[in-house]
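Here the structure comes first, spelled out in structure tokens, and everything after it is commentary.
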Amino acid sequence: MPHRPYVRMETLQQRWQDSPFNGALLGILSVALATGVIAIACGLIALVVTLIY
Amino acid sequence: MLFRPDRRDFSLIGFYTGKVIFGIGVAMCVPAVMALVLGEYNDLTSFLLGASLAILVGRAAELFLSTKEPLSTSHGLATVALSWTVAPLFAGLPLRLSGHYASYLDAYFESMSGFATIGLTLANDLDHMSRSVNLWRHLMQFIGGQGIIVVVLTIFASAGGRIGYLYTGEGREEKILPNVIRTARFIWRVALIYAVIGTSALWLSLMHAGLDPAGALYHGANLFMAAFDTGGFAPQSSSVAFYRSTLVEIVLLPIMTAGGFSFALHYQLWIGRRDELVRNIETRTIAASMLVMFAIMVVGLGRTGTFTDVGVMMRHSFFQLVSAHTTTGLSTVPGRMYVTDWGVLAPAVLVTAMALGGMAGSTAGGIKAMRVGLILKGLIRDVRKVLLPEDAIVVETFHSSTRRLLTDTQVRAAATVLLLWLVLYFGGGLIGLFYGYELQLALFESTAAASSAGLSVGLVRPDLEWPLKVVYVAQMMIGRLEFIAVFALLGYILAIVRGRV
């Protein structure tokens, strides 16, 4: 049987997943999402209060 | 019984404080390079003088106080407090020499406000300040926000686990990764990668607002440091209002929110655990308090009729609330308006938001959402105990990275620190009253200084009485270090005077 050295099969997707920028992007998107959700909820509150006053 | 510290104790504290001073000297080289590039030669001389002095003192401390003794908890805490006391002395030198500060106390105040990420300023004619000096103000926030000690931990990593106590003393209890050095490096990695993303977004939005590319980059970098490190300094005296851009304000909102998030939560989000946003006790507490406080705020603004347009009200009130709750201090309206045009409820909400602050282990100040959440959970548990049959076992849990059991010790510790915070806020407010200022102004400014929020109603200005400046400086430091390190330093001073040999 011929000798077959170990070859690490690394796809571009795996490289991206290991990169710190993947984590950073996930992080900043999550933070932006949280801010957006709170902003929308606050916007609805502002709208209701404005209708009352 | 207190024992008088000996030469060994002084050597240890002095040795590590020297490292911090050395680090400040190295950091001063950044604005010095900028001054050289922009031809601001007077400021270049000031920065070189300040950097040389700090590096000289830092190296001298290392040479003469070199010790192989291990660092204990009390040494670590006292070192942190001493470092935070002396660092602004050196950092304030180029500020004083710039001519924008009336006295060395004002320059020291500004440096402490920078390092502790407060945002209150005593600068005269800020709008005509040189770019290198203005950059130094913002850079201090970046260094102080990550923690001066974190800077040292990252640079002098060879000191290893022995300097873990320094990290703890700076108001950071949770180690995100098993090793303190790796935790410090993770904090830097988060800050630097977010700096690239945040500054780029601000650069584009500022160009959209009408700034030239170079100016937009300069303002963007400074605004990023002010927002992410929940600092609140701004390149212009009118803060974010200067840009008159809704887009800039929208970009700043998630950056301020990211600053208010703990680095432990950032770590969870970085490894893809987005459910932590919904389950974490701190995000839940902050989200709930934001919604409740925003509702009260808009009711107050609605009653006083401050804004006629709902969009304008939403824009200003939401920005101000996020800025106050994350203890950033950037503003889109002149500070004086909070008390002249915003009625009573809205400024009261801002004071409460500043007092509560962001998450534990973030760059934000204030009581912290973790403590508020634990106390509320403890309250719910006690109410359930009263309502359920006597032999029922009531167990309360909370989620922070993992599900944890709520203990009496945790609730008691949170309540004790909450009490200390209230004493700090009201103590400063009382001293403001003593100097003849109205309750609303005195309490607003005292809370802004202690919580590291830095929103101002105009009481902090160059001609403020000097004892009040000293009180605010003390509040800034005590608030940033969260009491214990300052108590340790005071304990050492007491031991020098009254301790037994």
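Of all residues in the range B:347-370, those that are surrounded by 24 or more Cβ atoms within 10 Å (Cβ to Cβ) and polar (S, T, N, Q) total 2. Please verify whether B:LEU422 is more than 17 Å from the chain's Cα centre (by Cα) and either surrounded by fewer than 22 Cβ atoms within 10 Å (Cβ to Cβ) or not in a loop (DSSP other than H, G, I, E, B) (or both), treating the condition exactly as stated. Considered against the rule, which asks whether it is more than 17 Å from the chain's Cα centre (by Cα) and either surrounded by fewer than 22 Cβ atoms within 10 Å (Cβ to Cβ) or not in a loop (DSSP other than H, G, I, E, B) (or both), B:LEU422 comes out as yes. Of the residues B:GLY373, B:GLY378, the single one that is more than 14 Å from chain A (Cβ to nearest Cβ), crowded, with 17+ Cβ neighbours inside 10 Å and either in a loop (DSSP other than H, G, I, E, B) or touching a Lys or Arg at 6+ places or on another chain (Cβ under 8 Å) (or both) is B:GLY373. Within the range B:105-128, the set of residues being at pLDDT 95 or above and surrounded by fewer than 22 Cβ atoms within 10 Å (Cβ to Cβ) comprises B:LEU105 only.
Quick one: is B:ALA288 more than 9 Å from chain A (Cβ to nearest Cβ) and part of a helix (DSSP H, G or I)?
Numbers: more than 9 Å from chain A (Cβ to nearest Cβ): yes; part of a helix (DSSP H, G or I): yes.
The answer is yes for B:ALA288.
Going by what's in this entry, would B:THR332 be described as on the phi > 0 side of the Ramachandran plot, surrounded by 20 or more Cβ atoms within 10 Å (Cβ to Cβ) and under 26 Å from the mean Cα position of the chain (by Cα)? For B:THR332, the condition - on the phi > 0 side of the Ramachandran plot, surrounded by 20 or more Cβ atoms within 10 Å (Cβ to Cβ) and under 26 Å from the mean Cα position of the chain (by Cα) - is not met.
If the condition is being in contact (Cβ under 8 Å) with a residue 24 or more places away in the chain, assigned to a helix (DSSP H, G or I) and at the interface with chain A (Cβ under 9 Å from one of its Cβ atoms), then the range B:251-262 contributes B:LEU253, B:ILE255, B:MET256, B:THR257, B:ALA258.
From the list B:LEU464, B:LEU433, B:LEU468, B:LEU455, the one residue that fits, being part of a helix (DSSP H, G or I), under 30 Å from B:VAL333 (Cα atoms), in contact (Cβ under 8 Å) with a residue 12 or more places away in the chain and of a type in the set (A, V, I, L, M, F, W, C), is B:LEU468. Within the range B:214-249, the residues that satisfy the criterion of being within 14 Å of another protein chain (Cβ to nearest Cβ) and under 21 Å from B:VAL190 (Cα atoms) are B:PHE224, B:ALA227, B:PHE228, B:THR230. Of all residues in the range B:72-89, those that are surrounded by 24 or more Cβ atoms within 10 Å (Cβ to Cβ) and under 27 Å from B:ASP463 (Cβ atoms) total 3.
Quick check on B:HIS208: is it modelled with pLDDT of 95 or more and under 23 Å from the mean Cα position of the chain (by Cα)? For B:HIS208, the condition - modelled with pLDDT of 95 or more and under 23 Å from the mean Cα position of the chain (by Cα) - is not met.
B:ARG412 - would you say it is under 22 Å from B:LEU356 (Cα atoms), of a type in the set (Lys, Arg) and not in a strand (DSSP E or B)? Don't jump to the end; show me each part of the working.
Values: under 22 Å from B:LEU356 (Cα atoms): yes; of a type in the set (Lys, Arg): yes; not in a strand (DSSP E or B): yes.
Judged against the criteria, B:ARG412 is a match.
Pairs linking a residue in the range B:182-197 that is more than 7 Å from chain A (Cβ to nearest Cβ) and farther than 17 Å from B:GLY260 by Cβ to a residue that is of a type in the set (Gly, Ala, Ser) and surrounded by 20 or more Cβ atoms within 10 Å (Cβ to Cβ), with Cβ atoms under 9 Å and 6 or more positions apart or on different chains, are B:ALA184/B:GLY147; B:VAL196/A:ALA24. Here is a list of conditions, (1) over 20 Å from the mean Cα position of the chain (by Cα); (2) touching a residue at least 12 places away in the same chain (Cβ under 8 Å), and B:ALA449 meets all of them except one; can you say which number that is? Failed condition: (1).
One residue stands out among those in the range B:298-310 that are touching a residue at least 12 places away in the same chain (Cβ under 8 Å) and more than 9 Å from chain A (Cβ to nearest Cβ): the one that is nearest to B:GLU249 (Cα to Cα), which is B:THR306. The C-beta contact set for the range A:14-43 (first residue more than 7 Å from chain B (Cβ to nearest Cβ), second residue surrounded by 13 or more Cβ atoms within 10 Å (Cβ to Cβ) and part of a helix (DSSP H, G or I), distance under 7 angstrom, 6+ apart or interchain) comprises A:TRP16/A:ASN22. As for the range B:263-282, it holds no residue that is more than 9 Å from chain A (Cβ to nearest Cβ) and of a type in the set (Ser, Thr, Tyr).
Regarding the range B:320-342, can at least one residue be identified that is within 11 Å of chain A (Cβ to nearest Cβ) and either more than 15 Å from B:THR447 (Cα to Cα) or in contact with a Phe, Trp or Tyr (Cβ under 6 Å, 6 or more places away or on another chain) (or both)? Yes, there is a match, as at least one residue in the range B:320-342 is within 11 Å of chain A (Cβ to nearest Cβ) and either more than 15 Å from B:THR447 (Cα to Cα) or in contact with a Phe, Trp or Tyr (Cβ under 6 Å, 6 or more places away or on another chain) (or both).
How about the range B:452-501: which of its residues are of a type in the set (Gly, Ala, Ser), within 22 Å of the chain's Cα centre (by Cα) and over 24 Å from B:LEU350 (Cβ atoms)? Walk me through it before giving the result.
At the first step, the residues of the range B:452-501 found to be of a type in the set (Gly, Ala, Ser) are B:452-454, B:456, B:458, B:474, B:479, B:485, B:488, B:491, B:495, B:499.
Still in the running and within 22 Å of the chain's Cα centre (by Cα): B:452-454, B:456, B:458, B:474, B:479, B:485, B:488.
Passing the criteria: B:ALA485, B:ALA488.
Checked against (1) aliphatic (A, V, I, L, M); (2) in contact with a Pro (Cβ under 7 Å, 6 or more places away or on another chain); (3) within 10 Å of another protein chain (Cβ to nearest Cβ), B:MET313 passes all but condition (2).
The values are calculated or read from the model by the stated rules, or taken from the named source; none is laboratory data. Quick caveat: nothing in here was measured; it's all calculated off a predicted structure. Here Cβ is always computed from backbone atoms with ideal geometry, including for glycine, and neighbour counts include all displayed protein chains.
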